[in-house]
1. What number goes with the only condition from (1) at pLDDT below 75; (2) more than 30 Å from P161 (Cβ to Cβ) that D64 does not pass?
2. Does T94 fit the bill of being part of a helix (DSSP H, G or I), under 28 Å from the mean Cα position of the chain (by Cα) and at pLDDT below 80?
3. Say we look at the stretch 136-170 and pick out the residues that are in contact with a Pro (Cβ under 7 Å, 6 or more places away or on another chain) and part of a loop (DSSP other than H, G, I, E, B); which of these is surrounded by the most Cβ atoms within 10 Å (Cβ to Cβ)?
4. Name, by its number, the condition in (1) at pLDDT 85 or above; (2) not assigned by TED's automatic domain parsing to the domain that holds F147 that does not hold for P112.
5. Given the structure, is H46 within 30 Å of W165 (Cα to Cα) and modelled with pLDDT of 60 or more?
Amino acid sequence: MARRVLVVLRRLCVQGVSGSLSILIRLYGAHVVIIPGIILVLVILHLLLVKRHKMSPHPALRADASGEQASAAEPTEPFTRHLGRLAAFGVVLTGMVGMLAVLFQPGIGSSPVAGIEVSDPPWMFWWPFTLENWFGLSAILYGEIAFFLILAIVPLVDRNPKRWWRERPVAMILGLLVSLIVVTLTLLTAVTPAGQHL
């Protein structure tokens, strides 16, 4: 059954739809449908895991002799209260972003030129473009893959059961190193002209 569904989806996507759509429209569709859907599934999985394994103890609390448990003074509360706080924070954050969007509207920008991409990405995405200037267009993909692989490897490399940040040198050194590289690449993007790789 699953195989049939995959075959039908492949026919629809590859033969029926994608052949008549430009790459820009396909990427837009991925950004507004596929990627948010994946994020939603991961958030639900995360919340289920938090519910199953209970809340993480506060990192400021010292561990007991086993290094696994938090102090008996660790406050506990129902999971629904935690979800309520998250929902309230999300509502407040959405309201603040909405007010900023109304009060400080961005300009429309320059007129488009057919065949030439002149848009600038937001500053938090500048760091891969320094890699593009140095190594070519494919470096953006490989740099971002390396960034997320490092994030995924940190919990596997640092198996220290202690929670206090001063007692976790491996995770802190890796985090500072990645942060320093990203900040340096971002600053270099801001001060150097873009290379022509397209």
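The values are calculated or read from the model by the stated rules, or taken from the named source; none is laboratory data. On a predicted model such as this, the values are computed, not experimentally measured, just so you know. Note: ideal-geometry Cβ built from the backbone for every residue, glycine included; neighbour counts use all protein chains shown.
1. The one condition D64 does not meet is (2).
2. no
3. R163
4. (1)
5. Against the criterion (within 30 Å of W165 (Cα to Cα) and modelled with pLDDT of 60 or more), H46 qualifies.
Conditions tested, residue by residue: (1) part of a helix (DSSP H, G or I); (2) modelled with pLDDT of 85 or more; (3) acidic (D, E).
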residue	(1), (2), (3)
L12	yes, no, no
R26	yes, no, no
I38	yes, yes, no
S56	no, no, no
P59	no, no, no
H82	yes, no, no
